[in-house]
Amino acid sequence: MSNKSDLKEERVVSPEEIEEKKMRLGIDFYETSALKKINIDESIDNIIKKIHKSVYDHEETHTSGTIDIEKKNNSKSQSMSKCCK
């Protein structure tokens, strides 16, 4: 996200460079202007939606119910006992 998009004459990074990095990194890019109220709500809304989707997708694919702590601890202590005698 960049701010001060209303100051185009002071731009340091070219639109072509932004587009290239955006495509290479596979990310979204938002030019905003707080002064002129340009893209503020839209960019924040989109970022929140992406975070929510990412968290929701992660929970859907990584929730397996419960974790057996005893089993996890036993396997750890067994592997340690082999190397630490």
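The values are calculated or read from the model by the stated rules, or taken from the named source; none is laboratory data. As the structure is a prediction and not an experimental result, all values here were calculated from the model. Every residue, glycine among them, receives a Cβ derived from its backbone with ideal geometry; neighbour counts consider all protein chains shown.
Could you list, in sequence order, the residues of segment 5-19 that are at pLDDT 90 or above and surrounded by 12 or more Cβ atoms within 10 Å (Cβ to Cβ)? Within segment 5-19, Ile18 is the sole residue that qualifies. Once segment 13-34 is narrowed to residues that are β-branched (Val, Ile, Thr) and assigned to a loop (DSSP other than H, G, I, E, B), the residue that is nearest to Ile51 (Cα to Cα) is Ile27. Only one entry of Lys49, Lys22 meets the criterion of being at pLDDT 90 or above and exposed (fewer than 11 other Cβ atoms within 10 Å of the Cβ), and that entry is Lys49.
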